[in-house]
Each structure stands twice: as structure tokens, then as C-alpha cells.
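Undergrad: Here's a structure for you.
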Amino acid sequence: MPKLKKMLEQNKRYYKKLYAKGASFLQYPADWIIRFHNLYLKKHLPKGKVLDYGCGTANNSIFFIEKGYDVWGVEVSENSFPLIKKNLERNHFDPKQWMKRFSLISPDATKIPFKSGFFDLIVSNQVLYYLSSGAQIRKVCKEISRCLKPGGLVFLTMMGPGNYYIKYHTKQIYPGGIYEIFIGDPKHYLYGNRELIYVVKDEEHLKDLFSEFECLSMGYFDVSMFDQKGGQHWIFIGRKRSR
């Protein structure tokens, strides 16, 4: 699907622009990441190697660093790196030590630059739905599985149909759960935003999409406030299957 390939690059350009302006400078961890740590990791994985796949400005990476994990991150936009450095400094971590842990990957990459069995946990928060198809997501999941140790964990989120952008700002729908979102209201704070999003319709769809992993828990988070009338994102927590 050539147009979808082009839109992958469009997603990257959009976030490059946001990072350049500092408009997507997240400084605090997502609360569902904190809950995952408090409810599960503290007991079952209190330390270990973590990959933040699509780390953005490293807000979640830094949370794991603070909790004593050994952390790496990959991201598609080079413009996020000055913000990662700023976040590290703000949290009193030495950028010279930590910046070498963060690297660039292509938005359609199906290879992760780490050896097999390297990580105890791979987190991908609000990232995988920017890929161009369910088949592409499954390819990335196979690679994520390769990089996990036996019994390694994943924490993955996907956008659901109840999300504000899907309900109110869908411009065009492609077959297979691919949505094109466009914010055309000049008064909206994300005016001009145009993104390709892969939407997961229900829990069965989520479980099938991430069938590479044994499912430990599924659910969703949702936020509705001010002009955002729903923020539904699915949560999938899984374990690497034994072969």
C-alpha cells in the first residue's frame, strides 16, 4: 500500500516538527506505566534490562531508570534527542552516561539493534499503532520476542475505537483497521495534525494481534476532560512464549 508507506513518513515528519517546537515534550511517566510497576513489576521483576520501544522524550525510560532498571530506548525522530537530554538533566542523570543508550530506528523497521534474549521487559507505549498494518505490527512483535529473555515481559498499548480522535476526527478509513486522522479545526490545539493510526476494535482483536505473546492481562485506560471526549487505549501485558 504505497500511500500507507508515505503516511508512515508523514507521521515521522509530524513528530519531528512537534519535537523541534518542544510541543510534545513529555516530562512525567504515564500513570498506567506507574500502575504496571506498582501492581506487577515490583513483585515479579524488581530489576532487569528494559527497552523503551518508541521512547519519545524518555519520560517513561527515566521512570524505569529511577526505579533501578537498566534502560535502553529507540525512537524514529532525531529531534527527540535534545529533549531526551533535557529530561535526563532535569532528573539529575548524566547525559554522557545515558544518551548512548538511546538510538534511532526507521519508522517501518522490523529489526531491533540488540542481540537475542537481551531484555527482561520491552515497553511500547502509544507507539505500535503508527505502523502501517497488522502484518507490520506482527513482524515487530516477532522481533520484540527475539530480543526478550525466556519468560521476558511486554507492556504494549494500542488505540481503541472509543478514542476521541477516532470518534471525531477520522477523515478516511482504510481496510484492515487503518484510519487517517486529520484535525481541521483551527481552534484545536493540534490543528493540522494528520496521522495514520491502526485501531484495535476489541479485546479479541488485541489478543490476536499480540498472539506472539502469552497474555497475562488485557484492559484499557480512558481519559475524558475539556475538549478531549475520550482517550481509549488498550493495554496488553504479555510474556514471551516458550518454544
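Undergrad: Select from GLN126, GLN228, GLN136 the residue whose mean-square fluctuation is largest in a Gaussian network model of the chain (Cα-Cα springs shorter than 10 Å).
TA: For the chain, modelled as a Gaussian network with Cα springs under 10 Å, the answer is GLN228.
Undergrad: Then there is this: Please grab the % of Cα pairs in the range 102-187 that end up more than 14 Å from each other. Walk me through the intermediate numbers first.
TA: On the way: 2570 of 3655 pairs.
Value for the range 102-187: 70 percent of Cα pairs lie more than 14 Å apart.
Undergrad: Then there's this: Of the listed pairs LYS115/LYS240; LYS67/LYS240; LYS42/LYS142; LYS42/LYS67, which have alpha-carbon separations greater than 18 Å here? Mind dumping the intermediate values first?
TA: Details: LYS115/LYS240 16 Å; LYS67/LYS240 23 Å; LYS42/LYS142 26 Å; LYS42/LYS67 9 Å.
Violating the 18 Å Cα-Cα cut-off are LYS67/LYS240; LYS42/LYS142.
Undergrad: Quote the FRET efficiency, to the nearest 0.05, computed for GLN97 versus LYS149 with a Förster distance R0 of 35 Å and r equal to the Cβ-Cβ distance. Could the numbers behind the result be given before it?
TA: Details: r = 24 Å, r/R0 = 0.68.
Calculated transfer efficiency: 0.90.
Undergrad: Pull up the cross-link candidates among the lysines for LYS17, meaning alpha carbon to alpha carbon under 26 Å and not fewer than 8 places away within one chain.
TA: In chain and number order, the partners are LYS3, LYS5, LYS6, LYS85, LYS86, LYS96, LYS100, LYS111, LYS167, LYS171, LYS187, LYS229.
Undergrad: Sort 178-189, 69-80 by the packing proxy (mean of other Cβ within 10 Å over each peptide's residues), most packed first.
TA: Numbers: 178-189: 14.4, 69-80: 20.7.
Per-residue Cβ counts within 10 Å, averaged per peptide and sorted highest first, yield 69-80, 178-189.
Undergrad: Mind checking which of GLN232, GLY162, PHE210 is farthest towards the positive end of the range 128-243's charge dipole, using Cβ charges of +1 (Lys, Arg) and -1 (Asp, Glu) about the Cα centre?
TA: PHE210
Undergrad: Tell me, Kirkwood radius of the chain from alpha-carbon pair distances, in Å? It would help to have the intermediate numbers written out before the result.
TA: Numbers: mean 1/r = 0.0545 Å⁻¹.
By the Kirkwood definition, the hydrodynamic radius is 18.3 Å.
Undergrad: Which order do peptides 49-61, 91-103, 231-243 fall in by mean Cβ count within 10 Å, highest first? Intermediate results must be reported in sequence, preceding the final value.
TA: Working: 49-61: 24.9, 91-103: 14.1, 231-243: 18.0.
So the peptides 49-61, 91-103, 231-243, ranked by packing, come out 49-61, 231-243, 91-103.
Undergrad: Here's a follow-up. What is the distance in Å between the Cα centroid of the range 219-243 and that of the range 98-137?
TA: So the two Cα centres are separated by 18 Å.
Undergrad: Label points 7 Å out from Cα along the Cβ direction at ASP70 and ILE173: separation in nm?
TA: 4.7 nm
Undergrad: Tell me what the chain gives for mean residue ellipticity at 222 nm when only DSSP H runs of n ≥ 4 count, each as -39,500 (n - 2.57), the sum divided by the residue total, rounded to 500 deg cm²/dmol.
TA: Numbers: 8 runs with 74 residues, N = 243.
Theoretical 222 nm ellipticity from helices: -8500 deg cm²/dmol.
Undergrad: Separate question: In percent, what relative contact order does the range 125-243 have, based on Cα pairs under 8 Å that are 6 or more apart in sequence? Could you put the intermediate results ahead of the total?
TA: On the way: 233 pairs, mean separation 39.2, N = 119.
This gives 33 percent for the range 125-243.
Undergrad: A follow-up question, please. Skipping prolines and chain starts, which residues have an amide H placed within reach, meaning under 5 Å, of the one on PHE119, given they are 5 or more residues away or on another chain?
TA: Correct list: LEU148, LYS149.
Taken together, the values in this text are just the output of simple stated rules run on the coordinates, not laboratory data. Just so we're clear, the structure is a prediction, and the values are computed from it rather than from any experiment. Heads up, the Cβs are rebuilt from the backbone with ideal geometry, glycines too, and the neighbour counts pull from every protein chain shown.
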